[in-house]
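Note sheet for the following structure.
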Amino acid sequence: MTLGGALSGPRWRPLSGLVLAPQLEFFLARRHTGLVPDGGGSSYTLDFFEVPLLLRAELTLGGRSFYALAGGFGSLLLRADETSTDGFMSSADMAGRYDFGLLAAGGLSLASSGWGELSAEVRYQQGHRSLLPGSDQKHQVLSLLLGRRGCIGAGAR
């Protein structure tokens with residue numbers, strides 16, 4: 001499960017219908033992994049905070065908005081639990097571990113109303129350091145995100 005939000009920077013319009021803007025996001029997430037370190041039977045539940053810094057390009061065609069995002073991200077582990085083969089759960093000693101990597105995404109607006117814009121996005125991330133101990137291989141994540149874009153405190157139009 002992931003909860004989060006985004007802040008967009010100043011918009012630049014180099015062409016009609018095209019908008020470029022820096023975007024800062026933040027996510028508080030829980031990830032269950034099936035990773036088995038050192039041939040054991042353990043699995044992990046990770047709670048972490050992730051902050052992507054992105055460049056967003058948005059193109060409007062025929063009333064539909066399409067966008068692409070590219071940039072980097074960093075994650076900080078908040079908590080991790082380890083479950084062994086006998087079902088025993090213990091707190092793993094992994095505080096302060098981090099991850100960083102690259103991110104690319106594409107999406108489109110599905111519907112727009114007075115409360116905001118509903119959008120769907122496909123996102124690909126590749127990390128360069130694992131949040132798990134003894135696992136330095138790169139990890140890859142493909143995600144589908146559904147969300148609402150709107151201004152906080154915006155009045156009725």
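Please treat every number below as a calculation from the coordinates, not as lab data. Since the model is a prediction, treat every value here as computed from it, not as a measurement. We place every Cβ from the backbone using ideal geometry, glycine too, and count neighbours over all the protein chains shown.
The table that follows gives values for the structure above.
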quantity: Label-to-label distance, nm, for residues given as L76 and H128 (7 Å Cα→Cβ offset); calculated: 2.0
quantity: Distance (nanometres) between label positions extended 7 Å along Cα→Cβ at E117 and S143; calculated: 2.0
quantity: Karplus-derived 3J(HN,Hα), 6.51/-1.76/1.60, for each residue of the range 142-149, Hz, glycine and proline x; calculated: 10, 10, 10, 10, 10, x, 10, 9
quantity: Spin-label pair F100/V51, simplified geometry with 7 Å Cα→Cβ offset, distance in nm; calculated: 1.2
quantity: For peptides 6-17, 54-65, 99-110, sequence by mean Cβ density within 10 Å, most packed first; calculated: 99-110, 54-65, 6-17
